[in-house]
Structures are given as C-alpha cells and as structure tokens.
1. Taking only protein heavy atoms and a 1.4 Å probe, what accessible area per residue, in Å², does the chain have with all protein chains in place?
2. Using modelled backbone amide H atoms (1.01 Å from N, in-plane), which distant-in-sequence or interchain residues come within less than 5 Å of GLY246's amide H?
3. Excluding residues fewer than 8 places away in the same chain, name every one of the lysines whose C-alpha is closer than 20 Å to that of LYS254.
4. Using amide H atoms built 1.01 Å from N in the peptide plane, name the residues 5+ places from ILE33, or on other chains, whose amide H lies under 5 Å from its own.
5. Based solely on its DSSP helices, what 222 nm [θ] is calculated for the chain when runs of n ≥ 4 H residues each add -39,500 (n - 2.57) and the sum is averaged over all residues, nearest 500 deg cm²/dmol?
6. Once amide H atoms are placed 1.01 Å from N in the peptide plane, what residues at a sequence separation of 5 or more from ARG150, or on another chain, have their amide H within under 5 Å of its amide H?
7. Using only Cα atoms and rounding to the nearest 10 degrees, what angle (0 to 90) does helix 277-289 make with the longest principal axis of the chain?
8. Per residue and in cubic angstrom, what volume does the convex hull of the Cα atoms of the stretch 86-210 have?
Amino acid sequence: MFNFTFKGLRLAATATVGAAILATSVTAQDVRIGAMREGSSWYVFAATLEQIIEPILGDNSVEVIARGGGVANPMVVQGGKAEIALSNVASAVWAANGDDVYQGMKAPDIRALVGGLNNVYVGVMASKSFVDQMGTTDLAAIMASGKPVRVLMKPVGSSAVPVAEMIFEGLGTSADQIKANGGDIIQVDTGQIADQMRNGNADIYIDTMIKGHPTITEVALTTDVVFLDIPDAAMALLEKNGLTPGSYGPEWYKGQTAATSGANLGTVLIANASLDEETAYQITKAIIENAEALKGSHGAWSRFDPAKAMLPENTGIELHPGAARYYREAGLM
C-alpha cells in the first residue's frame, strides 16, 4: 500500500469524494450510472449503455450521472448514490482495500460487472522548450536535477493525481520537494489545462492518456510538446499498487513520434452488491451482447474484448453474482 506525502491533497481527497457522493444524491431511479462530465469517453459510454439497457429495464429506469471520476465513483456506488458506475480497475481495488487515497473510507460492497472496457494509461508530457532547457527527456533525470519543475494535473478526484504522487515517490521526490526546489504543483479544472500549457505556466503535465482525449489533443495541437516515458523505478511502485505497465500510441497525438510507456489504470463497470442479481445479469448480458455498439460509440472503447471481461486482471474486485451467472451461462467462465 502506498504512502502519500501530499497532506493537503489527502484532506482534499476526502472532501472531493464526500462532495461527489452528496452531489449525486438524486431522486431514486431504477439504475443510476456514475460516469464523468458530458463529452468525456466515460459519459459517452454511459449514455450509450443507457440506450441499450433502458428498453430492457423499462422506460425512465436509467439515469446517467455526469459527474464523479475514477477516484470518486467507487465511493459513489458504495454510498448507494449510483447503482452502477465506471471506475478504474486500480481505484476500485484501492477503494475495496481502503487504501490511503480514501483516508479511512472503504468500499467493501462494490462488485464488478464488466472489466477490460478500455486501457487508461497515465502518462507524462512536457513542453519541448522545457526539455530543451533541461537537456534531457528522461523524467528521472529531470526530477533528480534539483531544478524548478512546474507540474500540471487535474484536481483531486482524478485517478491521475494519486498516480502522479506514486511517480514522484518512485523517483525519490515529492510535492513538497518539488516546491522546495522552486517548482510547483498546479491543479486546475480540465477546461483550464490547455491554456496553462499554451501560456507557458507549466512544464510537465500528467494525465490519463486515452486515444482521442479532447484535452490532451488540444494541448498537443496548441503547444509544442514531448511525451515522456515513465521510468522503471516509478513503474515498479505503480505495479505494486495495481497498475500495469504498457504503452500508448504511437502518434495518438501531435508530437508523439513513438509509443510511450505509461501505467494502465484499466476500466471496469462496478455495481453495489445490493443491486439485485437479475438486474446485474441483464446489464452484463446487454454489454457483452452489444459490445460492437459500445465499441463504436467512442474510439476509447474500440479494443474491448468481451471474452476477457470477467478476468480478474480486468476487474480487480469480486464479480457481482448476477454478472458471474451470465458469464457462466454464456460459457465465458
């Protein structure tokens, strides 16, 4: 289990998750799907899923919740504010275990429905002017240099934030040390990220690297950037905390000339254990049997393999009994 050093972020994480749970407290629906903001790949998936399962579950039986995120959604489901939600595999494991990012909170009642939905790599990019100034694209060397580095990321609630902390820890540094060296940790909402990079307010940007990601695409199109590999020392720590090494690209974005090493958070659809078995069965069945429609809804989902949806490495947590029943009946388990 990782040991966070961002005391301020640790307090904010609790507030963010708590706020997400309160914000999603809406009039009860048969099935509420926790996603992310409108326009995100998670929102598109959830909206497509709504269209698929509502005819099965009944008119006005499904609602998409356009908020939350990789860290918040497991607690939204645990708190009963959504019956199902998209989650990163790693954050589902962290929540089920009550790891440090959840500040004493735990989600023992979350279960997996469908895993392996898409790869979500956390990656690192930097302005070309910065790496030219540093004389290297080696992130380990940059962080060990003692020179000021301004790191940009989304607010707490994004799975990329604890992963960034682990990267720092694996490279022998921390947010406090980065600031002590004259650098900074800049956390802004998604809509402000491209401007921060374009205006030269940040040197390095850490985020989830999904093909077609609108924010990453805008940054790459409007700023001269370089994509940096996550060094082995950091990757080793990430692996201990439920992420898997891999590579994204090449040429997903302007400025990415080769495949870049990143840490895969994975994506899994989770449910509360209290969701009745038949509903869980029908949702799982609908996803597997309509996989092509879901894959076609957004490029991020194009590599989903239904035959691997129930594998432990793709779910991270225990299967819901309704999902397990479907996989057995379909001959997939």
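The values are calculated or read from the model by the stated rules, or taken from the named source; none is laboratory data. Just so you know, these numbers come straight off a predicted model, no measurement behind them. As a convention, Cβ positions derive from the backbone with ideal geometry for all residues, glycine included, and neighbour counts pool all protein chains shown. Side chains are part of the model used for accessible areas, which takes the heavy atoms of the whole protein and leaves out ligands, DNA and RNA. Shrake-Rupley method; radii C 1.70, N 1.55, O 1.52, S 1.80 Å.
1. Averaged over the residues of the chain, the accessible area is 39 Å².
2. The answer is GLY262, ASN264.
3. Answer for LYS254, where 20 Å is the Cα cut-off: LYS128, LYS211, listed by chain and number.
4. Hits under the 5 Å cutoff: GLU63, VAL64, ILE65.
5. Helix contribution divided over all residues of the chain: -12000 deg cm²/dmol.
6. Placed amide hydrogens put ASP184, ASP203, ILE204 under 5 Å from ARG150.
7. Relative to the chain, helix 277-289 is tipped by roughly 60 degrees.
8. Hull volume over Cα atoms, normalised by residue count, gives 117 Å³.
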